[in-house]
1. Hey, can you tell me all the residues within segment A:170-210 that are in contact with a Ser or Thr (Cβ under 8 Å, 6 or more places away or on another chain), assigned to a helix (DSSP H, G or I) and within 14 Å of chain B (Cβ to nearest Cβ)?
2. Could you check B:VAL289 against (1) modelled with pLDDT of 85 or more; (2) out of contact with any Ser or Thr (no Cβ under 8 Å at 6 or more places or on another chain) and say which number it fails?
3. Looking only at segment A:213-224, which residues are crowded, with 22+ Cβ neighbours inside 10 Å and touching a Phe, Trp or Tyr at 6+ places or on another chain (Cβ under 7 Å)?
4. Using beta carbons and a limit of 8 Å, which pairs, at least six apart or on different chains, have the first residue in segment A:41-55 and more than 15 Å from A:ASN31 (Cβ to Cβ) and the second one β-branched (Val, Ile, Thr)?
5. Of B:ASN259, B:ASN317, B:ASN349, which residue is surrounded by fewer than 17 Cβ atoms within 10 Å (Cβ to Cβ), modelled with pLDDT under 90 and not charged (D, E, K, R)?
6. Looking at (1) more than 18 Å from A:ALA93 (Cβ to Cβ); (2) within 28 Å of the chain's Cα centre (by Cα); (3) surrounded by fewer than 19 Cβ atoms within 10 Å (Cβ to Cβ), which is the only condition A:LYS180 fails?
7. For segment B:47-85, give me the residue count where each residue is within 14 Å of chain A (Cβ to nearest Cβ) and either within 11 Å of B:VAL7 (Cβ to Cβ) or modelled with pLDDT under 90 (or both).
8. Failed condition for B:PRO38, given (1) surrounded by fewer than 24 Cβ atoms within 10 Å (Cβ to Cβ); (2) within 15 Å of B:LEU158 (Cβ to Cβ), with all others met?
Amino acid sequence: MWFIKLIGKLKFTGFVCFFIFVIFFFGPLLNLLLLAFSGEWQYPDRLPSEWSLTWWTFVLQNDAIISSIWLSFLIATIVTLISLLICIPAAYAFARIQFPLRRFFLFSFLLTNAFPKMGLYVSIAVLFYQLNLMNTFVGIVLIHLINTLMYMTWIPSAAFENVHRSQEESARDVGASPLKVFWHITLPMAKPGIIVASVFTFLSSLNEAEGTFLVGIPDYRTMPVIMYSIIADYPSTAGSVFSVILTLPTILLLVAARKFVGAESFANGFKLK
Amino acid sequence: MSIQLSVEGLSKIYQTGEGVRDISIEVAKGELVTLLGPSGCGKTTVLRSVGGFVDPSEGIIRIGDRDVTNVVPEKRPSAMVFQSYNLWPHMTVYDNLAFSLKLKKKKKSFITERVDWALNLVHLTGSEKKYPSELSGGQQQRIALARALLLEPEVLLLDEPFSALDAKLRHELREELREIQAEQNLTMLFVTHDQEEALSISDRIVVMNRGKIEQVAQPYEIYHKPASLFVAQFIGRMNFIKGYAQPDGIRIDQLIFPNERGLIGEVAVGIRPEDVKLSEGKPSIEAKVAKIMMLGHYVEVTLHTIFGQLKMFIDKNEINTVELGRIVHVTLTRIQSFQDSNENYLERNEAYATI
């Protein structure tokens, strides 16, 4: 074919692969977006036959939904701050101190992802009942922390490892105490990694549904939990409106942090050392 | 001259059994002393102990009149330049330099003035706003040096500061460092594994091997009168051949040399290539010219003799006096002899042959 000859076989294959990728990646998103703004959309039609903002007004005027949005953002913020407090010192320890079973402990942060989440949550729920943590704010935060510890330890730990010892030592040498060295040298140098980890943490908390559902019901309903019931109870349009709202902060955060969210920062976080 | 830095009986043994034992060094004010040795000889351990980054197991370190053995690095009147990764990449050159002054809460006008002074000293005026990543390796090391100088250290410590740079730049910076040192009357302890670097910049050299001091002397003496076989082998080029020591002298074939050290039996004899001379008269050594290499201002000639290979340096203008494959007669104007076991001697001879 003439156009294959024109651009070369390899390039053509690359182009096709890219095209397939784009369809797979953006297709569902586009469909979601169309659905969110459609009034009526029957099967054979390629596009909605009627456009409408009905479900947007429904979602945005429903108090339960609005409060769930606020709750989600509040929880995500608190979870991010707490994991920062817990994990930054841990990450620094993993990067700098050689202690027995260091790799084992670092690896253990992955374990929470190795089991089916629901099974894990159910067994945690048993524990939470005994501790009276069911249906509490603290309980939800704890459940979210289980998922975010991994990001917050692995990525900053790699970032700390990239700070050379002689860079810290020369700061000591010019008169900075260990605490000042950490504050003025080590922490700012590891900042990109920490920001990346914070973004992941925030988003993962924002999108967490299973654990929140189990622990928070009936009083604490976050966005993803509400979305489940909306998808179950209302037409699919309502669900897609909600999905768009849920996707929005993700996109905004990633764009804001794209300076730091390089493939390199991410890959560095998951190097086994 | 007053003693600015004194290290007394310093020992630091690591869990692996390596380390340094019983090191004593004194550095006078305004003196540049080099710690020289192969990698793993403990020279960096000594330097880091002085800087406060290694806790010595034993010994006392004094800077000026003060015992600083147990003082933390930030409180020591020393400044250190590391081999690499000296600078903080998230700060501009200005901030890198001003960091120590800001910690001391100096006035801004004072800081600017001092940073200007330091940058001028290392010939990098006007680079305040650059980030370290925008500088070349040599420039980065210069900034590191400037930052150390801003501390007005009583002792400046340098840990192979130029070893990551290419040869030409290394020479340039070496000269510059020597100039700054003389100008500011700095007391310096310099670590290197490069014997040429040590010979060229030091007032005195401390040669170390396996955690111990082999010799402390001025560069000329280190080269001219190496105190041990190790020093002889490590510093400069040296031929090693077997000799036989008797009370009346050391015999090499027909040649007899004075036995200054009173050695007995088989000895290792070291001869600098420039001390091998062509000779017509007797007694002399018969040698066959095996290789001729023009090396700029001198010529390296490889000779085969009955006791092995000999390297000889001759002036470039004398290149026509030797011819490949011809038999020549040489004499040795100066030798160094060392008592050493036969085994060791052979091992070292081989080591030399591979150079």
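The values are calculated or read from the model by the stated rules, or taken from the named source; none is laboratory data. All values reported here derive from a predicted model rather than from experimental measurement. Positions of Cβ are generated from backbone atoms using ideal geometry, with glycine treated the same way; all protein chains shown enter the neighbour counts.
1. Residues satisfying the conditions are A:ASP173, A:PRO192, A:GLY193.
2. (2)
3. The answer is A:VAL215, and nothing else.
4. Sorted first by the residue in segment A:41-55, then by its partner, the pairs are A:THR54/A:THR237; A:TRP55/A:THR237; A:TRP55/A:VAL241.
5. Matching residue, one of B:ASN259, B:ASN317, B:ASN349: B:ASN317.
6. (2)
7. 7
8. Of everything listed in (1) surrounded by fewer than 24 Cβ atoms within 10 Å (Cβ to Cβ); (2) within 15 Å of B:LEU158 (Cβ to Cβ), B:PRO38 misses just condition (2).
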